[in-house]
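Let me begin by presenting the structure, written as structure tokens, before commenting on it.
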Amino acid sequence: MNKLSLDSQVEIISVHVHKTAGGTFGRVLKQIYGESQLFSDYQGENLETVLVKLLAQPQARVIHGHFPAEKYQEHFSSAKRIIWLRNPIIQFISGYFFWKSQSQKGVVFSEEHKSMLDNNMSLLEFAEFRATHFINPLANFYCRGVDLTDFYFVGVQEFFQDDLAELKQMLGWPDFKMEVFNQNKYPNYLEHLKEALEDKKLLNKLIAMNRQDLQLYQTALDLRAKRKKLSNSWEQYELDLKLSQQKLQQIQGGLERKQSLISKKVALFN
């Protein structure tokens, strides 16, 4: 195994945390580097298998996919590590409704997903079910064994376009088409989200089962505040809400006003 050639080959390692606009970011990477230079790690293959494939694909400069950051910790020392995080409470709720929306297509991702659909679990029931199976996915999977300060860039999904523009400048990327990240396709999703955020019993459950991930998310906000030279993470939301209000007046109205209300709810968790 020619470790030296691999180390110089890979420039970007992008950890795609589920439901954090990682699909949109992957398409941005494909625009910048080209499809042939983007290696997708979504199959859960072990490290040795991936390294063999990378040796056979010497043009690959980017690794992007669902994998724990520690997977490549001993390789690609010169590569820039990138990860996007999202408020874990909103992330969980979004994931639930995304899974529900897939039932109409007959898509089942896992036994856990199948059990949720077969038993027609409510959001609270699904939270209680997950609490006994898989909690704190950031701490226990994606960021296991690493620190957020080990990453070259920690983006925050709630500020996706602003953070992406900053990353573009940091890396000297050429212009690319800025896409809006995938919106949840579940019918009336924003209303369901608003209702969930007003359910104290549900919120207490989600907070209790995601405390480690909430701490990581707060660290991501603090890192962003430091990078942006803001006094604290709350100031980030104040600025974002102000920009959103300006956008509301200029563009849409009804739908985006609901999104602004949701953003205010999100800020309460930080």
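The values are calculated or read from the model by the stated rules, or taken from the named source; none is laboratory data. Since this is a predicted model, take the numbers as computed values, not measurements. FYI the Cβ positions are ideal-geometry reconstructions off the backbone, even for glycines, and counts take in every protein chain you see.
Suppose we keep only residues that are closer than 16 Å to K185 by Cβ and modelled with pLDDT of 80 or more within the range 103-116. Which one would you say is surrounded by the most Cβ atoms within 10 Å (Cβ to Cβ)?
Within the range 103-116, the subset closer than 16 Å to K185 by Cβ is 103-107, 109, 113.
Of the ones still in play, those that are also modelled with pLDDT of 80 or more are 109, 113.
Details: F109: 11, H113: 16.
Out of the qualifying residues, it is H113.
Please go through (1) among the charged types (D, E, K, R); (2) crowded, with 21+ Cβ neighbours inside 10 Å; (3) farther than 20 Å from D150 by Cβ for R86 and return the number of the only condition it doesn't satisfy.
The one condition R86 does not meet is (3).
Inspect all residues belonging to the range 14-24 and state whether any of them is in a helix (DSSP H, G or I) and not β-branched (V, I, T).
Start the filter on the range 14-24 by keeping residues that are in a helix (DSSP H, G or I), which leaves 22-24.
Next cut, not β-branched (V, I, T) only: 22-23.
Checked against the condition, which is being in a helix (DSSP H, G or I) and not β-branched (V, I, T), the range 14-24 yields at least one hit.
Do we have F67 as modelled with pLDDT of 95 or more, assigned to a loop (DSSP other than H, G, I, E, B) and touching a His at 6+ places or on another chain (Cβ under 9 Å) here?
yes
Cβ contacts < 6 Å: first residue within 16 Å of L206 (Cβ to Cβ), restricted to the range 90-113; second residue of a type in the set (S, T, Y), any location; separation 6+ or different chain. Result?
F97/Y186; F97/Y189
Can you name every residue in the range 65-79 that is farther than 20 Å from G23 by Cβ and in contact (Cβ under 8 Å) with a residue 40 or more places away in the chain?
Matches in the range 65-79: E70, Y72, Q73, H75, F76, S77, S78, A79.
I'd like to know if the range 30-51 contains one or more residues that are part of a strand (DSSP E or B) and either of a type in the set (F, W, Y) or assigned by TED's automatic domain parsing to the domain that holds F98 (or both). Working first, answer last.
Our first condition is that a residue be part of a strand (DSSP E or B); within the range 30-51, this holds for 38-40.
This time we only want the ones that are either of a type in the set (F, W, Y) or assigned by TED's automatic domain parsing to the domain that holds F98 (or both), so: 39.
Yes, because at least one residue in the range 30-51 is part of a strand (DSSP E or B) and either of a type in the set (F, W, Y) or assigned by TED's automatic domain parsing to the domain that holds F98 (or both).
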